[in-house]
1. So, in segment 68-91, exactly how many residues are under 20 Å from residue 23 (Cβ atoms) and out of contact with any strand residue (DSSP E or B) (no Cβ under 7 Å at 6 or more places or on another chain)?
2. Hey, could you check segment 75-94 for residues that are out of contact with any helix residue (DSSP H, G or I) (no Cβ under 9 Å at 6 or more places or on another chain) and part of a loop (DSSP other than H, G, I, E, B) and say which is surrounded by the most Cβ atoms within 10 Å (Cβ to Cβ)?
3. If residue 26 passes every condition in (1) out of contact with any helix residue (DSSP H, G or I) (no Cβ under 9 Å at 6 or more places or on another chain); (2) over 18 Å from residue 103 (Cα atoms); (3) at pLDDT 95 or above but one, which one does it miss?
4. Quick one: which residue in 88, 113, 64 is farther than 22 Å from residue 11 by Cα and without any contact (Cβ under 8 Å) to a residue 40 or more places away in the chain?
5. Which one of these is under 16 Å from residue 80 (Cα atoms), within 11 Å of the chain's Cα centre (by Cα) and touching a residue at least 12 places away in the same chain (Cβ under 8 Å): 24, 9, 49?
6. So which of 53, 72 is buried (at least 22 other Cβ atoms within 10 Å of the Cβ) and either under 12 Å from residue 9 (Cβ atoms) or touching a helix residue (DSSP H, G or I) at 6+ places or on another chain (Cβ under 8 Å) (or both)?
7. Output the residues belonging to segment 46-66 that are within 14 Å of residue 100 (Cβ to Cβ) and modelled with pLDDT of 95 or more.
8. Check segment 95-102 and report whether any residue there is free of Cβ contacts under 8 Å to residues at least 60 places away in the same chain, touching a strand residue (DSSP E or B) at 6+ places or on another chain (Cβ under 7 Å), part of a loop (DSSP other than H, G, I, E, B) and farther than 13 Å from residue 9 by Cα.
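The values are calculated or read from the model by the stated rules, or taken from the named source; none is laboratory data. Quick caveat: nothing in here was measured; it's all calculated off a predicted structure. Cβ placement follows ideal geometry from the backbone for every residue including glycine, while neighbour counts extend to all protein chains displayed.
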């Protein structure tokens, strides 16, 4: 699975997933942060699932109808647990993400908002 980690997500987790064979790009490696709409557009163009802590991407995807290739939103997930949380979401929700779902991970629960193809 191809992932795009927002700059607010730990680069350590991005690197750990790369070492496990995932194709991961981290926005923090870019020379300039182009802003949320451009990040979401690039993730969509490259068919990457966006991994973020930021709630703004949900608004862009849901309220403003920006196209996307799935979003994993980490809500108060401690940095040392991000890699494991991403692994779990990918293992259980890969098909949902491929269909454009937004998967929100909280401590003790996971919520899935189906993508447009699932609705």
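1. Within segment 68-91, residues that are under 20 Å from residue 23 (Cβ atoms) and out of contact with any strand residue (DSSP E or B) (no Cβ under 7 Å at 6 or more places or on another chain) number 6.
2. Checking each candidate, the answer is 75.
3. (1)
4. Details: 88 fails: farther than 22 Å from residue 11 by Cα; 113 fails: without any contact (Cβ under 8 Å) to a residue 40 or more places away in the chain.
Just one listed residue meets the conditions, 64.
5. Details: 24 fails: under 16 Å from residue 80 (Cα atoms); 49 fails: under 16 Å from residue 80 (Cα atoms).
Of the residues listed, the single one that is under 16 Å from residue 80 (Cα atoms), within 11 Å of the chain's Cα centre (by Cα) and touching a residue at least 12 places away in the same chain (Cβ under 8 Å) is 9.
6. Values: 53 fails: buried (at least 22 other Cβ atoms within 10 Å of the Cβ).
That would be 72, the only listed residue that is buried (at least 22 other Cβ atoms within 10 Å of the Cβ) and either under 12 Å from residue 9 (Cβ atoms) or touching a helix residue (DSSP H, G or I) at 6+ places or on another chain (Cβ under 8 Å) (or both).
7. Narrowing segment 46-66 to residues within 14 Å of residue 100 (Cβ to Cβ): 47-50, 57-58, 60-62, 65-66.
47, 48, 49, 50, listed by residue number.
8. Step one: filter segment 95-102 for residues free of Cβ contacts under 8 Å to residues at least 60 places away in the same chain, giving 95-96, 98-102.
Pick out the ones that are also touching a strand residue (DSSP E or B) at 6+ places or on another chain (Cβ under 7 Å) and you get 96, 101-102.
Those left that are additionally part of a loop (DSSP other than H, G, I, E, B): 101.
Those still in the list that are farther than 13 Å from residue 9 by Cα too: 101.
Looking through segment 95-102, at least one residue is free of Cβ contacts under 8 Å to residues at least 60 places away in the same chain, touching a strand residue (DSSP E or B) at 6+ places or on another chain (Cβ under 7 Å), part of a loop (DSSP other than H, G, I, E, B) and farther than 13 Å from residue 9 by Cα.
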